[in-house]
1. What number goes with the only condition from (1) assigned to a loop (DSSP other than H, G, I, E, B); (2) under 20 Å from A:GLY330 (Cα atoms) that A:ASP272 does not pass?
2. Can you name the helices (runs of 4 or more DSSP H) wholly within segment A:1-76 that have at least 3 residues being at pLDDT 75 or above and away from the ligand (no atom under 11 Å from the Cβ)?
3. Residue by residue through segment A:275-307, note down the ones that are crowded, with 16+ Cβ neighbours inside 10 Å, in contact (Cβ under 8 Å) with a residue 24 or more places away in the chain and part of a strand (DSSP E or B).
4. Exactly one of (1) in contact with a His (Cβ under 8 Å, 6 or more places away or on another chain); (2) among the charged types (D, E, K, R); (3) part of a loop (DSSP other than H, G, I, E, B) is unmet by A:ASP648. Its number?
5. Restricting to segment A:658-685, count the residues that are assigned to a helix (DSSP H, G or I) and more than 16 Å from the ligand (Cβ to nearest atom).
6. Quick one: count up the residues across segment B:345-375 that are within 14 Å of the ligand (Cβ to nearest atom) and farther than 26 Å from B:THR286 by Cβ.
7. Is it the case that A:TYR462 is of a type in the set (Ser, Thr, Tyr), under 45 Å from the mean Cα position of the chain (by Cα) and not in a loop (DSSP other than H, G, I, E, B)?
8. Give A:VAL625, A:VAL639, A:VAL655 a once-over and let me know the one that is within 14 Å of another protein chain (Cβ to nearest Cβ) and either part of a helix (DSSP H, G or I) or over 17 Å from A:LEU127 (Cα atoms) (or both).
Amino acid sequence: MAQTAASLTAGQTSARGENRKGLGAIWLEFLGSMNLAISLLVVVSIASVIGTVLPQNQAYTDYLIQFGPFWFEVFRALNLYDVYSAWWFMAIMGFLVLSTSVCVSRHTPAVWREITRYRTHVREQSLRALSQHRAWQSADDPARVGEVAEAAFAGHGFRVRQETRGQATIIAGMKGRATRLGYLFTHLAVVIIAIGALADGNINLKIKEMLGEFVIETRDLPVSQIPQQSWLPAESGSFRANVTIPEGSFTNVAFLQVRDGYLVQSLPFRIDVEDFHIDHYPNGMPKSYSSDLVIRDPALDEPIRETISVNHPLTYRGHTIYQASFTDGGTKLNLTAHPLTGRGQAQSIATHVFEDTPLTVAGASRTLEVDDFQFFNVNRDPRAVERVGAADEFTNVGPSFNYTLRDDAGQAQAFHSYMAPVEIDGHWYYLHGTRSAPDQPFEYLHIPADDSASMATFMRFYQALHDRSRVDAASTRASERMLRQMGIANPDLGVRVAATANEMVTTLLDDGFGEVNAQLEGRVAGSARSAMLLDFSRAVLQGTLFEIYREIKAEQTGVALDRIQLNNDQQRFFEDAMNAVSAVADYGAPVLLELDHFNHRQATGLQITRAPGKNVVYAGCALLVVGVFLLFYVSQRRVWAMLSPRSDGGTDLLVAGTNQRRPELFEAEFTTLTDALDKHLRQPNEGSK
Amino acid sequence: MATSREELLREMRQPSLWQRLSAADWAWLGLVALATVATYAVLWEAMNHYEVVITAFTAATMVGLGWHWSAAKTYMTLVCALSLLAISRYPELAAAQNDFFLRYLLSSQSAIMWMSALFPAATLTYGVALASGHAFTARVGTALTWAGAAAGLIGLLVRWHETHLYAGGIGYIPVSNLYEVFVLFAVITALIYLYYEAAQNTRSMGFFVLLIISASIGFLLWYHFEREAYQIEPLVPALNSYWMKIHVPTNFIGYGCFAIAAMLGVAYLIRARVADDSPWAARLPTLKQIDEVSYRTIALGFAFFTVATILGALWAAEAWGRYWSWDPKESWALIVWLNYAGWLHLRYTKGLRGKPMAWWAIVGLFVTTFAFLGVNMFLSGLHSYGEL
Ligand code: HEM
């Protein structure tokens, strides 16, 4: 095998190396040399490693944090944040291609000779030098032997040429020459692919940028306000851009991200999104999503209607449109804002996702920023056995939405609320979450749902706690009842107990049970019967709250206060309500937003690409595959028969052959060939080998 | 005795491929054709036209493979028969527990467990054979390897059926997460090895190759028990494509070949240290054999890896909107490819042989392993599913 290459590369190189030659020739020599090729292969590999180890095209601020100002600058200078479009990477690639093409052009003549020439001019000793050769002395005359040999070669699938040199006749056969094309194909393919890729790569963008043909926009602006200098004309070069379109809306531009900014790519047509669908696996994971698109183009007499989905893009006018992602498209939300300050009325708000609305609830003014909306939330049911697929093990807890409240000082707090109550071991709660910091998980208020599955009762209860007179009345009733039960008849003690209860209610509203306990313990500290006093005070507080709850129940049901009976659920509700009240103290927002109604609107994320070089690259790939298989699985074989007439009218026959790529396979083939000859030659005595 | 040129030609013409086919070959063709028709009959509704083509292509490949390598006929027949048996007893998932056959032999989990037992056993046997130079033991090693490869492939085929038993149309071809491709890797590597074992008729390389297979089994078991990776999870939409069916297996032929070449590199370095008169010299493969098979496997691997990478590009063009995005997996595919292109150049065009090439092949495995595992573990990107 080795000598093939030698004949093709090293050999030639050194051979030429002997005689003097011009600088250009030396350069070509160098470019086409195998060593350079291999070194380049290695260098490209290493360069590609950098690009994968260092995450590419991130926000520049992230890099800054990661590497600090100094290295950030160094890496940026070396273009390591976008290695594959870095000038030096392009340069290496260019070199590899150059060297490959030089190599191909230099070897093509040699390869062509290998394909076309039958080497009828070989000399006898070089045939005898081959490991596979055999000689006969046949009684047949040369003409006959020639016929037999030619037939044998042809019979074994060799193409045959014949040549007579003086006395001797040479029959040369060859097959499997396609392997030589394999070399040409693979290497041409490398060049072709590189050219196509170059056309699609973003260097033409880089060049335009260097020429100052556009400026990268880094601000977040509506399309109409983006200055012309950041626009790219339609159908110019290749690009890969993204755009998000809400259902029922359209676009004729897309945005391509460049380093830390973006450019606007205008499209030669208009894309309308009529509808967006998504279906899910039982576990809530998206299974597939698709968009109904309409392409409008003056060039079209009929707009094109097509549904695209992941793995099923649409191609029009050299642009390919992909289903890339999806988000909310500005879902309309009708909210009720319940004041948590005890003052003011609940008010209803109409807003949209991604929209900001000023709020003034009970004196406090905030900006409401709706950040997101989830149409459903599927949770894996903890009770179900761990097995995917069975639909029964998943529960959909319904819609939820994320919002931020920003005060005038710009301080923001994030919230996440569910629309419907969620069941937690047999009881139903409205979940309203908030978190202290963006990296923290949401912690949820559990507001008990009442008999009519609403928050109304709780809200009423909560408001009532802010109503001084009501609390007074309740605490008085509560303390009196307790003292009576304990058989203590002491009016002004009753008054004092009631007063304490009122204070405790206020503390509860402001700071929660924790604080209430702390204060109580502070008070009874040192007193002889502190434990008993504590229990008593707690009992009074609870009694007071319970009185208020009973009142509300009475109002709701129209039953007289002294005759109202509460069932277990209502008892349970009361306990949950007390905990919720305490938790509201930590909730930290002046309002509680309840989602009454929504009008779901999604947006589809499309990726639009234009890659003029694509077909060139594909053609190159096809060539590469064919070439590689030819190289590996076809092997070129040559055979020769040299006949020279003998004085006795017989013939001296020498047959030899080679398979440069797979000598080990050739032995058997050669044997069958010579056996065939044996059968058909009259031979008084076997010739010396 | 022939006289005229025409007669000579007629007598000496070598039989064409069709003439060389044996009765068994024709039977095999018939069998596969029948199976293919049956497949279409049963699944026609469920197939899109790509899958129809892929099925036909698969059938053609099976026929060719069977003709070229007769042991493969038996293997494929057995695997298909047993898988069909399993599927026929598998109307719903519960069967995996209730049906004796499935529970202990043929449900994907038990089949894969059998594989995980058989390959290490084969490794051990080959090892003993190598140490003792005992020919029969080596034959047992071969048998175990065949059995392991069968168990693994059955496991995958049955798992394919299982995915379709889950609610909500989860069904997918089980070559789409790390767990599944590890099984695939073990099976393909074993098969490629068995082919060259037969071609070179020496079993002395078995131990070295089976080592790497056992290593992957080790990982598989860790992944199974530590991470419960055997769970069947639905596919993300981007993976839900017929491209998966061709891209992944092609890729793993490449990986398998490179792995074998690397282990042979190890064998080469060891053999090169052994004096020719020592008893080991006789038991270890000859340098010539190792060299030959290394070259063959790397060539085969390079060819298939080329195809796989191109298929990947076509898929990427369809799923992500670009045939090449320099995402880590792609870049590493390029690195692997260029690396072996370099190897082939030195070996073929410069005729370089021996230790350096052995070392290079070994290093190549590390590069390949990173492309296959490391990228998923350490780097994120479009391919970030199949994460560890
Ligand atoms: C990305 C670039 C390249 C790739 C992927 C590539 C690939 C290949 C492959 C796969 C082979 C077959 C090796 C074998 O048969 O074992 C080969 C052979 C060869 N390559 Fe390259 N090659 C590249 C660049 C080059 C360059 C730059 C040169 C110029 C020095 C070159 C010169 C050769 C030669 C002379 C052969 C032997 C062909 C024969 O005799 O059949 N290659 N190449």
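1. (1)
2. The qualifying helices (runs of 4 or more DSSP H) are A:23-31, A:34-53.
3. Selection gives A:PHE276, A:ILE278, A:HIS280, A:TYR289, A:SER290, A:SER291, A:LEU293, A:ILE295.
4. Checking A:ASP648 against (1) in contact with a His (Cβ under 8 Å, 6 or more places away or on another chain); (2) among the charged types (D, E, K, R); (3) part of a loop (DSSP other than H, G, I, E, B), the one that fails is (1).
5. 15
6. Number satisfying all stated conditions: 0.
7. Details: of a type in the set (Ser, Thr, Tyr): yes; under 45 Å from the mean Cα position of the chain (by Cα): no; not in a loop (DSSP other than H, G, I, E, B): yes.
So A:TYR462 fails the test.
8. A:VAL625
The values are calculated or read from the model by the stated rules, or taken from the named source; none is laboratory data. Please read these numbers as outputs of a predicted model, since none were measured by experiment. Glycine gets a Cβ as well: all are built from the backbone with ideal geometry, and neighbour counts include every protein chain shown.
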